[in-house]
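Here the structure is laid out as structure tokens; the discussion comes afterwards.
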Amino acid sequence: MPKVTSVDIAPLDPRRFEEVLTPDQFSAFAAAIDAAKTMFEGRVVWNVNSTARGGGVAEMLRSLIARARGAGVDARWVVIEGEPEFFRITKRIHNNLHGAAGDGGDLGDAERALYEAALKDNLPELLHLVSPDDVVILHDPQTAGLVGQVAPTGATVVWRCHVGIDLPDDLSRRAWRWLIPYVTDADAFVFSRQDFAWEGLPENKIEVIPPSIDAFSPKNQDIDESSVRAILAATGLATGDTSHATYERTDGSEGRVERTSDLFGTDAPPDDAKLVVQVSRWDALKDPIGVIEGFADHAAEMEGVHLVIAGPAVDAVSDDPEGAEMLQRSLDAWKGLSPSARASIHLATLPMDDGDENAAIVNALQRRADIVVQKSLAEGFGLTVAEAMWKGRPVVASRIGGIQDQIVDGETGVLIDDPRDKDEFGRALARLLKDPEDAARMGRDAQRRVRDHFLGPQHLMRYVDLLGRLLASG
């Protein structure tokens, strides 16, 4: 079996963004597209990560690579493989980078040997693909150990870290010390925000590029209310007619939602309920238990208000070995509530067999929501926040990481100062539920903010600028 798997991405026309950008914004983007065609002629731009589905990085790559290919750039995506122990180690590093202990395991010589052995198995096939004129963008801790192996090919090598912490602690610094020897040969290090840049890396190689969403992907495309209701009914998150459970697939063809979500006996929310929604991986750093308990204490008794916490089917995300445990802990927390609170809280795992179908379900669920929440304890960026804001939904979220770059407190959403404070979260949620006019005003302003700062064109232009400088410098 090959260790490196290619992900097939069909090109998508980037000029479609003219539909949603201002004239000045689109003019700048069109100029960047023309520059990219010339800059990357005869080169391949490789993106390398550890999973093709599940999580924001994979979603972002799928969109950005499709748009780059549509602009005439030979952009490609390959995924490395590893045994479960490799992903346990990289999940530990991921947690440490966020200042969390995770499974509490070591990062010593034994872990280093396992990590390097897993990457060594992937290396021959990767090196066979890369040419000296190419660009290789390696994503996150799973690929850090490949930097020093790919750099001698002569290719331009960028290491992209999607996770970080605002105020580093002993755990995050431990992860930095473990990873820095692997990444020092990179031509540039890309972080989502300046505060995430590591001590010990050359400052002249550090670049800040915030993540982005694709306005036309199945997760973010505009769909009417009848399709929202039908999609949710088709997957079991609502009742009613399913004849309009359709959406536009990434390739432009029509898709239909057919697979059901697992609700674990929590039932679907009533069709006329006011809905609060959190969509995220089953991860302790997303604090689903805090969301459940904060909602139960402050909003569950409000008439007609329900909460849905949704995440991926836990057996479908290969590089997150802790998902099943976190889901079970969330279910246990739900079971410990009073009967009336349990009746207004719904846990769902969404089908992952078809990535576009999963995205369409998330889209419908966020559009059905009156308020979207993201009570993360740590967050690199939080794409679900930008996704909800693009749909005109107010977001109640933690004042951490990239979330605070997206939400202007009181203008485009509400920020919680202490992400662990369930009462602060619950009170903020209840205030917004009681003032739907203010919530609607925040939603409108939120959509404009995403258009101006967090759509794919901004992201692509920043990469064109960075890679142009690197290639020009030799």
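For a quick check: with amide H placed at 1.01 Å from N, whose amide H comes under 5 Å from Gln374's, ignoring anything fewer than 5 positions away on the same chain?
Val396, Ala397, Ser398
Under a point-charge model restricted to the Cβ atoms of Lys and Arg (+1) and Asp and Glu (-1), what is the dipole moment magnitude of the chain relative to its Cα centre, in debye to the nearest 20? Show your work: numbers first, answer last.
Details: 50 positive and 77 negative charges, 87 e Å.
It works out to roughly 420 debye.
Taking the dipole about the Cα centre of the chain, with the C-beta of Lys and Arg at +1 and of Asp and Glu at -1, give me whichever of Asn47, Ala378, Ser338 is farthest to the positive side.
Sorting the options by dipole projection puts first Asn47.
Might you report the magnitude of the Cβ-based charge dipole of region 179-335 about its Cα centre, with Lys and Arg at +1 and Asp and Glu at -1, to the nearest 20 debye? Write out the running numbers ahead of the final one.
On the way: 12 positive and 31 negative charges, 27 e Å.
About 140 debye.
On the Cα set of region 1-126, report Rg and Dmax in Å, please.
When restricted to the Cα atoms of region 1-126, Rg and Dmax are 18.7, 56 Å.
Taking N as the number of residues in region 190-277, what value does Rg over Cα atoms divided by 2.2 N^0.38 Å take?
Taking N as the residue count of region 190-277, the ratio is 1.65.
Could you tell me which of the pairs Lys286/Lys335; Lys37/Lys120; Lys3/Lys335; Lys3/Lys375; Lys205/Lys422 are separated by over 31 angstrom between their Cα atoms in the structure shown? Could you put the intermediate results ahead of the total?
Numbers: Lys286/Lys335 19 Å; Lys37/Lys120 34 Å; Lys3/Lys335 42 Å; Lys3/Lys375 36 Å; Lys205/Lys422 39 Å.
Long pairs (Cα-Cα over 31 Å): Lys37/Lys120; Lys3/Lys335; Lys3/Lys375; Lys205/Lys422.
What does the convex hull of the Cα atoms of region 272-390 come to per residue, in Å³, rounded to a whole number?
Output value, Cα hull per residue: 105 Å³.
Which of Ser131, Ile89, Ala117 sits farthest toward the positive end of the charge dipole of region 88-136, with +1 on the Cβ of Lys and Arg and -1 on the Cβ of Asp and Glu?
Most positive-ward Cα: Ile89.
So if we plug the beta-carbon distance of Ile206 and Arg427 into 1/(1 + (r/R0)^6) with R0 = 30 Å, what FRET efficiency do we get, rounded to 0.05?
Calculated value: 0.20.
Taking R0 as 56 Å, what's the FRET efficiency between Glu125 and Glu437 from their Cβ-Cβ distance, rounded to 0.05? Can you show the working numbers first?
On the way: r = 57 Å, r/R0 = 1.02.
With R0 = 56 Å, the Cβ-Cβ based efficiency is 0.45.
Averaged across orientations, what area in nm² does the convex hull of the alpha carbons in region 321-474 project?
So the Cα hull casts an average projection of 12.1 nm².
Taking the alpha-carbon set of region 110-221, what are its Rg and Dmax in Å?
So, for region 110-221, Rg and Dmax equal 15.3, 46 Å respectively.
When DSSP assigns beta bridges and you keep just the ones with both residues in the chain, what percent turn out antiparallel, to the nearest 5?
Rounded to the nearest five, the antiparallel share is 10 percent.
Sum up the charges of everything whose Cβ sits under 15 Å from the Cβ of Asp370, counting Lys and Arg as +1 and Asp and Glu as -1, but leave Asp370 out. Can you show the working numbers first?
On the way: positive: Arg229, Lys274, Arg367, Arg368, Lys391, Arg393, Arg431, Lys434, Arg441, Arg444; negative: Glu225, Asp271, Asp272, Glu303, Asp435, Glu437, Asp438.
Residues near Asp370 contribute +3 overall.
Which whole-angstrom value gives the distance between the alpha carbon centres of region 415-467 and region 168-212?
25
Restricting the calculation to Cα positions, tell me the Rg (one decimal) and the Dmax (whole number) of region 144-193 in Å.
Values for region 144-193 (Cα only, Rg and Dmax): 11.9, 36 Å.
Where Rh is the Kirkwood radius over the Cα pairs of region 1-58, the temperature 37 °C and the viscosity 0.692 mPa s, what D in µm²/s does Stokes-Einstein return? Don't skip to the end; give the middle numbers.
Details: Rh = 14.5 Å.
Rounded to a whole number, D works out at 227 µm²/s.
Once the Cα gyration tensor of the chain is found, what semi-axes does its equivalent ellipsoid get, as square roots of 5 times the eigenvalues, in whole Å, sorted largest first?
Those come to 35, 26, 21 Å.
Once phi is turned into θ = phi - 60°, what whole-Hz ³J(HN,Hα) does the Karplus curve with 6.51, -1.76 and 1.60 give for every residue of region 464-474, x standing for Gly and Pro?
4, 5, 4, 5, x, 5, 5, 5, 5, 7, x
Kirkwood-based Rg over Rh for region 409-474 (C-alpha set), two decimals?
Taking Rg over the Kirkwood Rh, I get 1.26.
At a 10 angstrom cut-off on C-beta neighbours, averaged per residue, how do the peptides 436-447, 386-397, 299-310 rank from highest to lowest? Can you show the working numbers first?
Details: 436-447: 16.7, 386-397: 26.1, 299-310: 19.6.
Top to bottom by mean Cβ count within 10 Å: 386-397, 299-310, 436-447.
Scan around Ala75 for amide H atoms under 5 Å from its own, H built in the peptide plane at 1.01 Å from N, and keep only partners 5 or more places away or cross-chain.
Val45, Arg69
If the only charges are +1 at each Lys and Arg Cβ and -1 at each Asp and Glu Cβ, what is the size of the charge dipole of region 396-474 around the Cα centre, to the nearest 20 debye?
In total the dipole reaches around 300 debye.
Please say if region 96-138 is rounded, prolate or oblate, where rounded means a/c under 1.5 for a ≥ b ≥ c the square roots of the C-alpha gyration tensor eigenvalues, and otherwise the choice is prolate for a/b larger than b/c and oblate otherwise?
Verdict is oblate for region 96-138.
FYI, it's all coordinate maths here, none of it is from the lab. It should be emphasised that the depicted structure is a prediction, and the values quoted were computed from it without experimental measurement. Heads up, the Cβs are rebuilt from the backbone with ideal geometry, glycines too, and the neighbour counts pull from every protein chain shown.
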